[in-house]
Each structure stands twice: as structure tokens, then as C-alpha cells.
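Report on one structure; see the data block that follows.
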Amino acid sequence: MSFNDLFSGFITCWALLIINNWNLIALMFCNVMNNKGYVVYFICYYVIGILIFLNVTVAILIEYLVSKWE
């Protein structure tokens, strides 16, 4: 997993989305790049992309399905 090109970046972000051990991927990437500043990107991606965006999307989908069944 890397961010060398656009496709690899999408695969890495997709893995972060579906894998529970996102912190291991973040630490691995920071160790390879020899810079701990990249942890900020991974934390922001996790908080905004997964905790907020994904949960809001699932909540809207569930609310829509429940309203259709009633």
C-alpha cells in the first residue's frame, strides 16, 4: 500500500476504510517515509472519512429504508 500513484492511493484509502487496524497502516507509512507528520493525515482521514461521513451515510440509508417499510 502506498500513495505513489492515484490508483495506489485509492487502494490504500479503501483499505483504511474497511480495515480495523488503520493505525498500523499509518505507523507503517510514517516509518517508511521517516516522518511522523503523516499521522495527522491518517487521523483526519479516519475521523472525517470514517467516523463522520461513513456513519452519516449509513444512518441516512437506514432511515430511508425504514421509512419505505412503514
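If the segment from Asn35 to Phe7 were pulled out straight at 0.36 nm per residue, it would be longer than the present Cα-Cα gap by 7.8 nm. Structural descriptor for the chain: relative contact order 20 percent, calculated from alpha carbon pairs under 8 angstrom and at least 6 residues apart. Taking every protein chain into account, the accessible area of the chain amounts to 79 square angstrom per residue (probe 1.4 Å).
When the alpha carbon coordinates of the chain are projected onto the principal axes, the ranges are 55, 21, 16 Å, largest first. State, to one decimal in nm, how far the label point of Lys68 lies from the label point of Trp14, with both points 7 Å from Cα in the Cβ direction. The modelled label-to-label distance comes out at 2.5 nm.
First compute the accessible area of the chain with a 1.4 Å probe, then give the percent of it belonging to carbon and sulfur atoms.
Values: 3940 of 5520 Å².
Within the chain, the accessible surface is 71 percent carbon and sulfur.
The values are calculated or read from the model by the stated rules, or taken from the named source; none is laboratory data. This structure is a prediction, so every number in the text was calculated from the model and none was measured. With ideal geometry, Cβ positions are generated from the backbone for all residues, glycine too; neighbour counts draw on all protein chains shown. Side chains are part of the model used for accessible areas, which takes the heavy atoms of the whole protein and leaves out ligands, DNA and RNA. Shrake-Rupley method; radii C 1.70, N 1.55, O 1.52, S 1.80 Å.
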